[in-house]
Amino acid sequence: MSNQDRTPYVDALLEFAQSDPGRFNVPGHQGGIGADDSLHLLVGQTGLTDDIPALIEGIDVGENNSFQEAQQLAAEAWGARRTWFLVNGASQGNQVMCMAVAHRSPEIVVQRNVHSSVIDGMIMAGLKPTFAAPEVDPDLGVAHCLTPRALADALDRCPNAGAAVIVSPTYFGASADVAALAQVAHDRGVPLVADEAWGAHLHFHPDLPRDALDSGADLVISSTHKIVGSLTQSAMLHLGFGDRFEPEIIDRCVSMTESTSPNSLLCGSLDAARRQAAIDGEEMLGETIAVLKEARAELREIDGIDVLDHSLLDNESVIAWDPLRLTIDVRGTGATGYRIAHLAREMANVNFELASDTVAVAVFGLGTGTPARSRRLIDGLLTALEHLEAIPPDRKPEFALPPPWGETAMSPREAFLASQDVVSFREAEGRISAEPLATYPPGIPNVLPGEILTRETLNFIADSIDHGGHVRGATDRDLTTLRVVSTDG
Ligand SMILES: Cc1ncc(COP(=O)(O)O)c(C=O)c1O
């Protein structure tokens, strides 16, 4: 393996910046000379100096330039055949993936609770989805992973699928049996795509769940900025060693979905984060895992609090769990995760990554799981709990399983491009939805563009809102109205 203790792209940027270049090219602030004072305060002179445009000889132009070298080092670090740096997050990765799948077939099998960027990607690429239902945990009201059986069933319903798309690990750290899922797909000649947005770190410590590339996935979407310390919005797309996708097609899809002016700081941060993960990742992750083990033990001692860990493995679809996600089960407090996360922010300036009715989730990254930070989190939680006494606990919603999805009348793209009507929520039954609707918990879309709105689903959504749940996806956030496909031709 090549020497990972290098940062060729970062070095090339720094060398250019330090050469005191006469800057008569973009960006318009030209190294900070023309930047507003507030931008100097926000980014600092260093950030402005290092904001270097694309197409500079030696940096990202010419044979074996440093940008290409940095991507090659990333491919080697993660065990990929080829890796692309992305400047529009894993969301871009999912759009690229959909465009690449459309080259193979207009049909795709998709885990129903994929990120909204996959739905958007399907709209852009004109893909017709067949959905596979993830396992739902009825106690916690969260969606877990896909079982190999559920994937096999969906693939049997869609024999011409260009790919099967799964999500692992989930927001809550549950990891699917990706190797078994890959086997199911490959047995049918179908590539497996893993949205591993939450798992860029998995490759770098033996005690973490096995990563998707190592488990045989053909294409892996990785939101590097989420856990592996690159700058927000930077991400990677990894191609596996099989021959089910052509690298040239993926390359074209990356350039099609990307600005022609990719930000040097974002790409540089990917080069730096790769070096750190490859060289120091195991040690840093080891420390974080150890600290979080103690934090879990301490949290369990708190009245009304539990934490998710090995118990996740009781779910058939989950074969491993990621300890860097600290999922705190707050059901025993009588309050919701939303309420507790809100109080922790208001009273202690402690910010959780995510909250639901039943849980509040804290995320840790490489080197951020120190004893002091674990203390800050636990103290913030204790402060929130103290304030709960003064405030009446939230009404705790009953979690009911959603009704079956409505029939698909047209593809998401056809519904998106069709002329649309805005109708009142109560009158939407029988119409074809032009927008997605997903109730939280558990965040599985109840309706996707192109599906017929049923009375059962509309009632379920209305009930969820009455019980304090949330609905994502609708243009009218109050859900007084819905956008549906017009009946006027
Ligand atoms: C499963 C999954 N995929 C993709 C994304 C999009 O990631 P990004 O914010 O990097 O675009 C997210 C974001 O939360 C996600 O949870």
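Give the residues of segment 456-474 that are within 19 Å of GLY430 (Cα to Cα) and loosely packed, with under 13 Cβ neighbours inside 10 Å, sorted by residue number. The answer is ASN459, and nothing else. Going through (1) touching a helix residue (DSSP H, G or I) at 6+ places or on another chain (Cβ under 9 Å); (2) at pLDDT 95 or above one by one, LEU42 falls short only on (1).
Looking across ARG275, ARG244, one residue alone is away from the ligand (no atom under 16 Å from the Cβ) and either under 30 Å from THR49 (Cα atoms) or not assigned by TED's automatic domain parsing to the domain that holds LEU73 (or both). It is ARG275. Residues in segment 350-361 include none that are surrounded by fewer than 21 Cβ atoms within 10 Å (Cβ to Cβ), assigned to a helix (DSSP H, G or I) and not assigned by TED's automatic domain parsing to the domain that holds GLY173.
Given the conditions (1) modelled with pLDDT of 80 or more; (2) surrounded by fewer than 20 Cβ atoms within 10 Å (Cβ to Cβ); (3) assigned to a loop (DSSP other than H, G, I, E, B), and given that PRO393 satisfies all but one, which numbered condition is not satisfied? Status for PRO393: all satisfied but (1). Once segment 308-335 is narrowed to residues that are assigned to a strand (DSSP E or B) and among the charged types (D, E, K, R), the residue that is farthest from LEU208 (Cα to Cα) is ASP329.
How many residues are in a loop (DSSP other than H, G, I, E, B) and either surrounded by 24 or more Cβ atoms within 10 Å (Cβ to Cβ) or within 11 Å of the ligand (Cβ to nearest atom) (or both) when one looks only at segment 192-208?
The first filter runs over segment 192-208 and keeps only residues in a loop (DSSP other than H, G, I, E, B), leaving 196-201, 205-208.
Cutting the leftovers down to either surrounded by 24 or more Cβ atoms within 10 Å (Cβ to Cβ) or within 11 Å of the ligand (Cβ to nearest atom) (or both) gives us 196-201.
So the count comes out to 6.
So if I check each of ARG252, ARG296, ARG244, ARG345, which one is touching a Pro at 6+ places or on another chain (Cβ under 6 Å) and either surrounded by fewer than 22 Cβ atoms within 10 Å (Cβ to Cβ) or part of a strand (DSSP E or B) (or both)? Talk me through it step by step, then tell me what you get.
On the way: ARG252 fails: touching a Pro at 6+ places or on another chain (Cβ under 6 Å); ARG296 fails: touching a Pro at 6+ places or on another chain (Cβ under 6 Å); ARG345 fails: touching a Pro at 6+ places or on another chain (Cβ under 6 Å).
The match here is ARG244.
Yes/no matrix, rows are residues, columns are (1) surrounded by fewer than 17 Cβ atoms within 10 Å (Cβ to Cβ); (2) among the aliphatic types (A, V, I, L, M):
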| position | (1), (2) |
| --- | --- |
| ALA277 | no, yes |
| GLY304 | yes, no |
| LEU313 | yes, yes |
| PRO323 | no, no |
| ASP329 | no, no |
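The single condition among (1) in contact with a helix residue (DSSP H, G or I) (Cβ under 8 Å, 6 or more places away or on another chain); (2) modelled with pLDDT of 95 or more; (3) surrounded by fewer than 24 Cβ atoms within 10 Å (Cβ to Cβ) that VAL110 does not meet is (3).
Looking across ALA154, ALA133, ALA194, ALA161, one residue alone is in contact (Cβ under 8 Å) with a residue 24 or more places away in the chain, over 23 Å from GLY406 (Cβ atoms) and not assigned by TED's automatic domain parsing to the domain that holds GLY337. It is ALA194.
I'd like to check something: does segment 148-159 contain any residue that is modelled with pLDDT of 95 or more and within 16 Å of the ligand (Cβ to nearest atom)? Spell out the reasoning first.
Restricting attention to segment 148-159, the residues satisfying the condition of being modelled with pLDDT of 95 or more are 148-159.
If we keep only those that are within 16 Å of the ligand (Cβ to nearest atom) as well, we get none.
For segment 148-159, residues modelled with pLDDT of 95 or more and within 16 Å of the ligand (Cβ to nearest atom): absent.
Scanning for something within 16 Å of the ligand (Cβ to nearest atom), touching a helix residue (DSSP H, G or I) at 6+ places or on another chain (Cβ under 7 Å), modelled with pLDDT of 95 or more and outside any strand (DSSP E or B), does segment 129-141 turn up at least one residue? Among the residues of segment 129-141, not one is within 16 Å of the ligand (Cβ to nearest atom), touching a helix residue (DSSP H, G or I) at 6+ places or on another chain (Cβ under 7 Å), modelled with pLDDT of 95 or more and outside any strand (DSSP E or B), which makes the answer no. Regarding ALA180, is this residue over 21 Å from LEU324 (Cα atoms), surrounded by fewer than 22 Cβ atoms within 10 Å (Cβ to Cβ) and more than 16 Å from the ligand (Cβ to nearest atom)? Answer is yes for this residue.
To keep it simple, each residue is scored yes or no on (1) outside the structural domain of SER234 (by TED's automatic domain parsing); (2) within 16 Å of the ligand (Cβ to nearest atom); (3) under 14 Å from the mean Cα position of the chain (by Cα).
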{"residue": "ALA75", "(1), (2), (3)": "no, no, no"}
{"residue": "GLY79", "(1), (2), (3)": "no, no, no"}
{"residue": "ARG82", "(1), (2), (3)": "no, no, no"}
{"residue": "ASN88", "(1), (2), (3)": "no, yes, yes"}
{"residue": "GLN92", "(1), (2), (3)": "no, yes, yes"}
{"residue": "CYS98", "(1), (2), (3)": "no, yes, no"}
{"residue": "VAL101", "(1), (2), (3)": "no, yes, no"}
{"residue": "SER105", "(1), (2), (3)": "no, no, no"}
{"residue": "GLN111", "(1), (2), (3)": "no, yes, yes"}
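Given the structure, is LEU285 part of a helix (DSSP H, G or I), within 16 Å of the ligand (Cβ to nearest atom) and touching a helix residue (DSSP H, G or I) at 6+ places or on another chain (Cβ under 7 Å)? Answer is no for this residue.
Among the residues of segment 172-191, how many are part of a loop (DSSP other than H, G, I, E, B) and closer than 16 Å to VAL318 by Cα? Spell out how you get there, then give the answer.
The initial filter retains those residues of segment 172-191 that are part of a loop (DSSP other than H, G, I, E, B), namely 172-173, 176-177, 188-191.
So of that shortlist, the ones also closer than 16 Å to VAL318 by Cα come out as 172-173, 176-177.
Total satisfying the criteria: 4.
Just one of the listed residues (SER223, SER264, SER259) is touching a residue at least 24 places away in the same chain (Cβ under 8 Å), more than 15 Å from ALA77 (Cβ to Cβ) and surrounded by fewer than 17 Cβ atoms within 10 Å (Cβ to Cβ), and it is SER259. Among the residues of segment 444-489, those that are β-branched (Val, Ile, Thr) and either under 18 Å from ARG112 (Cα atoms) or part of a loop (DSSP other than H, G, I, E, B) (or both) comprise ILE444, VAL447, ILE452, THR454, THR457, ILE461, VAL471, THR475, THR480, THR487.
Yes/no per residue for (1) at pLDDT 95 or above; (2) basic (Lys, Arg); (3) over 28 Å from ALA297 (Cβ atoms); (4) out of contact with any Cys (no Cβ under 6 Å at 6 or more places or on another chain):
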residue	(1), (2), (3), (4)
ALA362	yes, no, no, yes
GLY367	no, no, no, yes
ARG373	yes, yes, no, yes
GLU414	yes, no, yes, yes
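Considering segment 113-125, and only residues there that are assigned to a helix (DSSP H, G or I) and within 20 Å of VAL471 (Cα to Cα), the residue that is nearest to the ligand (Cβ to nearest atom) turns out to be SER117.
Among what's in segment 36-73 and is closer than 30 Å to PRO206 by Cβ and aliphatic (A, V, I, L, M), pick the residue that is nearest to the ligand (Cβ to nearest atom).
First, pick out the residues of segment 36-73 that are closer than 30 Å to PRO206 by Cβ: 69-73.
When the remaining residues are screened for being aliphatic (A, V, I, L, M), the result is 70, 73.
Details: ALA70: 19, LEU73: 21 Å.
Of everything passing the filter in segment 36-73, ALA70 is nearest to the ligand (Cβ to nearest atom).
The values are calculated or read from the model by the stated rules, or taken from the named source; none is laboratory data. As the structure is a prediction and not an experimental result, all values here were calculated from the model. Note: ideal-geometry Cβ built from the backbone for every residue, glycine included; neighbour counts use all protein chains shown.
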